[in-house]
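Structure first, then comments.
The values are calculated or read from the model by the stated rules, or taken from the named source; none is laboratory data. Everything numeric in this text was worked out from a predicted model, so none of it was measured. No Cβ is skipped: glycine too gets one built from the backbone with ideal geometry, and neighbour counts run over all protein chains shown.
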Amino acid sequence: MTPFGYTVLGFGSGTSGVSAIDLVLSAGANNQNIKTLALAAGGDVDTDVNLTINGGVTIGSTSAGTAALITDTGWSSGVTITITNNGSIVGANGADVTGANSAGGHAGRGGEGNECGYPIESGQAGQAGASGSGTAHADSDGGDAFEHSQTGDDNLAVVFATAGTRTGGSAGTTTYAGGGGGGGGGGRDADGGVIHGGAGGGGGAGIPGGNAGSIGRGADTGGGCNTGANGHSAGPSGLGQPSSGGSGGAAHDGGGGGGNGGGLQQAGQAGQAGNGYPGSAGGGTSSGSTPSGSAGSALAGNTSQIS
C-alpha cells in the first residue's frame, strides 16, 4: 500500500533478530516523523525500522523550528532505525526579518544658573541613540535536516546505511534600525533681573523612545530659584516614538528652546541659544545592523547515537 507518500514493504529482519518494519519514502514530503510512519504502518516502538528514501526524493520542512525528518521519542531500548538515504533531507532556511528598532537617546536638560545650585548655563547635550543589535532573531536561524529526538534513552540507535544528501537550512538575516539621538537642551537667559531657564530637548526615536529632557529652572539674579521663569516642557510630545523623535520644549522669553529628537539613525537637533548662553548639542547618529542567524545542522539532537 502507498498511503501518505510512503510504501510499506513488509516486515523484514531487524538487528535484534526480530522482524523490522520496512518503509519507503517514494515522493517528496515535509516534516516526516519516523515513529508516526512506523505506527501507521502497523509497527510499534519495540520494533526496528528500515527506512529508504528513494533517489530524487527530497524530505524538507515548512518551518526552521522543526527538522525535516525526526525519530520522535518513546522508542524502546535496543531499537535500531536504519536509513538508506538515496535522496535528500533538507532543513528549512532561516527567514530574513526586521527586528525591533534600537533604543532612542535621552534628551538634554535645559540650561539654568548658579542661583539654583546647578550651573549648566548652556544645558546638557542629548545622548546618542543605541546602534542595532548584533544578535539575529531566532527566526533567522536555519532548520536542521535530521533530528535524533530521543535523548532520555540513549539506546535508540540510528544508522545511516547510505548518508545521501543531508543539509541544514541556510541562515537568514535580521535587520535592525539604530535609535535616534536625543535633542540638546536650550541655553538659559542672560544675567540681570529674572533669568529664564532653557527648555529640555526631545527624546530620540526608538524602542523604547528616549526620554524628554528636564526643564532648566528659572531664577532671580542674586536670589534663588523662580519657578515662574522655568523653561518650557514639551510634555508628552517630548518622548521619543518608535520611529520618530520627540519635540523639544519651546523657547520662553530669554530661555532657548530644546532641540527635537532625531529620527531613526539620525542625530538629535541642538538646543536653541538663550539670550545669555548657547544651547547644547544633540545626541549623535547611530548605525543599523544586519546580523545573520545560524545555519541549521545536518544532524541534530542525540547525535552520539547516530552512525
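Structural remarks
For every residue, the table says whether it meets (1) surrounded by fewer than 24 Cβ atoms within 10 Å (Cβ to Cβ); (2) touching a His at 6+ places or on another chain (Cβ under 6 Å); (3) under 26 Å from G283 (Cβ atoms).
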{"residue": "S77", "(1), (2), (3)": "yes, no, no"}
{"residue": "G94", "(1), (2), (3)": "no, no, no"}
{"residue": "G111", "(1), (2), (3)": "no, no, yes"}
{"residue": "G123", "(1), (2), (3)": "no, no, yes"}
{"residue": "A128", "(1), (2), (3)": "no, no, yes"}
{"residue": "D144", "(1), (2), (3)": "no, no, no"}
{"residue": "F160", "(1), (2), (3)": "yes, no, no"}
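- When A68 is tested against (1) more than 40 Å from the chain's Cα centre (by Cα); (2) touching a residue at least 40 places away in the same chain (Cβ under 8 Å), only condition (1) is not met.
- G284 surrounded by fewer than 24 Cβ atoms within 10 Å (Cβ to Cβ), assigned to a loop (DSSP other than H, G, I, E, B) and either among the acidic types (D, E) or assigned by TED's automatic domain parsing to the domain that holds Q127 (or both): yes
- Of all the numbered requirements in (1) more than 16 Å from Y118 (Cα to Cα); (2) touching a strand residue (DSSP E or B) at 6+ places or on another chain (Cβ under 7 Å); (3) surrounded by fewer than 22 Cβ atoms within 10 Å (Cβ to Cβ), G274 misses one, and that requirement is (3).
- Within the range 196-238, considering residues that are hydrophobic (A, V, I, L, M, F, W, C) and closer than 18 Å to Q127 by Cα, the one nearest to the chain's Cα centre (by Cα): I207
- Scanning the range 1-55 for residues that are closer than 30 Å to N93 by Cα, modelled with pLDDT of 95 or more and assigned to a loop (DSSP other than H, G, I, E, B) turns up S26, A27, G28, N31, N54, G55.
- Some residue of the range 226-234 being under 28 Å from S102 (Cβ atoms), without any contact (Cβ under 8 Å) to a residue 60 or more places away in the chain and assigned by TED's automatic domain parsing to the domain that holds G184: yes
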